[in-house]
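Take a look at the structure below.
The values are calculated or read from the model by the stated rules, or taken from the named source; none is laboratory data. This structure is a prediction, so every number in the text was calculated from the model and none was measured. In this analysis, Cβ positions are derived from the backbone assuming ideal geometry, glycine residues included, and neighbour counts consider all displayed protein chains.
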Amino acid sequence: MSKRKYYTKSQIIEYWFSDEGFERMFKCHKDLACRLEYDIPHCFACQRTMIDLDNKQKYGNLKNTSKNWDIKSNLEKCHIIPLALGGDDHPSNLVLLCKECHKLNPNTDDEDLYWLWMKGVEDSYSADVKNFKQAFKNFKIDGDYYMIYYAEIQKIIHTILQDESQFLVVPNAGSLSMYGASPNFTPILSVTAKAIKKHKELQSSSGQLSLF
């Protein structure tokens, strides 16, 4: 049995940006060919960015280089054709997926079916919007009321976060800084729902908001 050869994530990206790799990718999955970033690590399937590009203290000044893909992240190497079905470890048979997509990717010796699966994966932005709308619906948030009293409700939210922040997982919740996993909108929306409820109670009892 021959020894397996190790390739870095940046080497995999360099293959897909080579003439051969790009032509093949464009033929198999045009959308991916158009959106794949040379210097921003993200899942080939769901497109979620896998490092916090704003965290300069942790990553320093990222440059326009494939080496950014080698930064420790939630990305995993994935075989298009598994070794057990005749595939190899060459970059031409490897893509980079987040852990969630890697769990769901198919085991097949038919490369066309693999690309068909990848093209069907919901992109991260659409999934995040759907999750946000569902969380919004779960808490029965009155969007119209929120917009009418936006400034006053925001003050209540600020007070709640100051008073209860030690008990709430709210930093970056639902923001684009939640790299490597789907944003969790539940914490901040629960605070929003609580603030709207409190505002309605104050309006009902006094007819005027006078806490601040």
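Tabulated results
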{"read-out": "Filtered residue count, segment 1-27, keeping only those that are buried (at least 18 other Cβ atoms within 10 Å of the Cβ) and without any contact (Cβ under 8 Å) to a residue 40 or more places away in the chain", "value": "1"}
{"read-out": "Of residues in segment 64-75 being surrounded by fewer than 18 Cβ atoms within 10 Å (Cβ to Cβ) and not polar (S, T, N, Q), the one farthest from Cys98 (Cα to Cα)", "value": "Lys67"}
{"read-out": "Residue within segment 181-197 that is at pLDDT 70 or above, in the same structural domain as Asp144 (by TED's automatic domain parsing) and more than 30 Å from the chain's Cα centre (by Cα) present", "value": "yes"}
{"read-out": "Failed item in (1) loosely packed, with under 14 Cβ neighbours inside 10 Å; (2) within 20 Å of Pro82 (Cα to Cα), with Met118 passing the rest", "value": "(1)"}
{"read-out": "Residue under evaluation Tyr15, criteria (1) among the hydroxyl-bearing types (Ser, Thr, Tyr); (2) over 22 Å from Val121 (Cα atoms); (3) in a loop (DSSP other than H, G, I, E, B), criterion not met", "value": "(3)"}
